[in-house]
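The values are calculated or read from the model by the stated rules, or taken from the named source; none is laboratory data. These figures come from a predicted structure and were not determined experimentally. FYI the Cβ positions are ideal-geometry reconstructions off the backbone, even for glycines, and counts take in every protein chain you see.
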Amino acid sequence: MLNNLSGIAQVQDALETTNKLLAEVLAELKRTNDERLSHLIEVTERHTPAGS
């Protein structure tokens, strides 16, 4: 039914593109957060006295 509406193909294409780009942004954010978290853990472990 929706495919019968005028212009719906362009809207669907735009939404698919948006979803693809959002997935790429999310993947980049996850990668960046993982790197920063790993760095913080490393720094914390280096500066935490043994047995604390």
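So the values come out like this:
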| quantity | calculated |
| --- | --- |
| Residue among Arg36, Arg46, Arg31 that alone is among the charged types (D, E, K, R) and loosely packed, with under 10 Cβ neighbours inside 10 Å | Arg46 |
| Test: residue in region 3-26 that is hydroxyl-bearing (Ser, Thr, Tyr) and not in a helix (DSSP H, G or I) | yes |
| Of residues in region 1-18 being out of contact with any helix residue (DSSP H, G or I) (no Cβ under 8 Å at 6 or more places or on another chain) and surrounded by fewer than 10 Cβ atoms within 10 Å (Cβ to Cβ), the one modelled with the highest pLDDT | Gln10 |
